[in-house]
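Q: Structure incoming, see below.
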Amino acid sequence: MSGEAGGEGRARAIDQLRFAADKGVRPAALRLARALEAGEGGADDAEALALYRTLAEDDRSDDDALRAEALYRLARMVDEGRGVAADSTQALDYYARAAEAGNPEAVRVMNQLLGPPPGRGDGKWGQTPLMDR
């Protein structure tokens, strides 16, 4: 397969993900956001950020792992200033929420940034109320 044909295939896949995401298919929205963040189909940090935010803030989610990953990826983009002005305070909130939801990368980041959570004997973030909301 030539590079051009591969590019057409990726563009078609992005279009299919976008169609499914527009119909409310949450796994497709997450895959689309990842692809856009990675620069597939034209890098679009703002669109990826919006998709992550929508997935992260949807409390109807029946897929906690999907929501936790969206929170983590949203935290990372906000922390790095991708698609939005960098905001370490907002990023920390998203990291904490992702860790509470069980995302292992967010747990690692929280442990690196803040050490073990208060009141936890296991030294790990996650499934612990971090702050009053």
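Q: Would a scan of region 53-61 turn up a residue that is among the acidic types (Asp, Glu), in contact with a helix residue (DSSP H, G or I) (Cβ under 6 Å, 6 or more places away or on another chain), closer than 21 Å to PRO27 by Cβ and not in a helix (DSSP H, G or I)?
A: No, because not a single residue in region 53-61 is among the acidic types (Asp, Glu), in contact with a helix residue (DSSP H, G or I) (Cβ under 6 Å, 6 or more places away or on another chain), closer than 21 Å to PRO27 by Cβ and not in a helix (DSSP H, G or I).
Q: So which of ALA21, ALA43, ALA38 is without any contact (Cβ under 8 Å) to a residue 12 or more places away in the chain and either within 13 Å of the chain's Cα centre (by Cα) or crowded, with 19+ Cβ neighbours inside 10 Å (or both)?
A: Selected residue: ALA38, the only one of ALA21, ALA43, ALA38 that is without any contact (Cβ under 8 Å) to a residue 12 or more places away in the chain and either within 13 Å of the chain's Cα centre (by Cα) or crowded, with 19+ Cβ neighbours inside 10 Å (or both).
Q: Another question about this same structure. Determine whether ALA5 is part of a helix (DSSP H, G or I) and either modelled with pLDDT under 95 or basic (Lys, Arg) (or both).
A: yes
Q: What are the residue pairs meeting all of these: first residue in region 90-104, first residue in a helix (DSSP H, G or I), second residue modelled with pLDDT of 90 or more and basic (Lys, Arg), Cβ atoms under 8 Å, and 6 or more apart or on different chains?
A: Listed pairs, sorted by first residue: ALA91/ARG76.
Q: Determine whether region 60-67 contains at least one residue that is surrounded by fewer than 16 Cβ atoms within 10 Å (Cβ to Cβ), modelled with pLDDT under 95 and under 20 Å from VAL109 (Cα atoms).
A: So far as region 60-67 goes, yes, one or more of its residues are surrounded by fewer than 16 Cβ atoms within 10 Å (Cβ to Cβ), modelled with pLDDT under 95 and under 20 Å from VAL109 (Cα atoms).
Yes/no per residue for (1) buried (at least 22 other Cβ atoms within 10 Å of the Cβ); (2) at pLDDT 95 or above; (3) in contact with a strand residue (DSSP E or B) (Cβ under 9 Å, 6 or more places away or on another chain):
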{"site": "ARG76", "(1), (2), (3)": "no, yes, no"}
{"site": "ALA91", "(1), (2), (3)": "no, yes, no"}
{"site": "MET110", "(1), (2), (3)": "yes, no, no"}
{"site": "GLY119", "(1), (2), (3)": "no, no, no"}
{"site": "ARG133", "(1), (2), (3)": "no, no, no"}
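The values are calculated or read from the model by the stated rules, or taken from the named source; none is laboratory data. As the structure is a prediction and not an experimental result, all values here were calculated from the model. Methodologically, a virtual Cβ is constructed for each residue, glycine included, from the backbone with ideal geometry; neighbour enumeration extends over all protein chains shown.
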